[in-house]
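Every read-out reported here was derived from the displayed coordinates using simple, explicitly stated rules and does not represent laboratory data. In this text, all values refer to a predicted model and were calculated from it rather than measured experimentally. Virtual Cβ from ideal backbone geometry, glycine too; neighbours counted across all protein chains shown.
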Amino acid sequence: HSLPRGGICLSEVTQSPDQSGAESADAKIQCKHDIPDGNYDSVYWYYRKASNELTYITHSYSGERNSGRFGVYVDRAKSSSILTIRTLQPGDGAVYYCALQRTVVHLL
């Protein structure tokens, strides 16, 4: 997957500060934004390792979605999302990003 077209440019997005965790523990990364519900489609999660290439993890429109050891929860009412990495492994060290795709309506 590639980054969604029309991603956030002028909106405020904040994520959890840097974290470290013990091997086999779970880690949670939070993403908050200022886009009102109804003005964006899904929340997407990616990671970037030393290779500098973004890698798609998963996405969700609302509620919880699991993909392997990764889980994402989207709370549209609170404009937030949480990525859970289950059973941390040495290879999980990376920079994690959340991204949103705005909903654009064109009037005819």
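Show me the chymotrypsin sites (Phe, Trp or Tyr not before Pro) within the range 51-94 that DSSP assigns to loop and that have at most 15 other Cβ atoms within 10 Å of their Cβ.
Values: sites: Y56, Y61, F70, Y73; in loops: Y61.
Answer in residue order: Y61.
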Calculated FRET value between Y61 and S24, using beta carbons and R₀ = 22 Å, to 0.05: 0.10
Cα-based shape type of the range 13-102, given that a ≥ b ≥ c are square roots of the gyration tensor eigenvalues and the cut on a/c is 1.5: prolate
Packing-based order for 27-35, 80-88, 47-55, using average beta carbon neighbours within 10 Å, highest first: 80-88, 27-35, 47-55
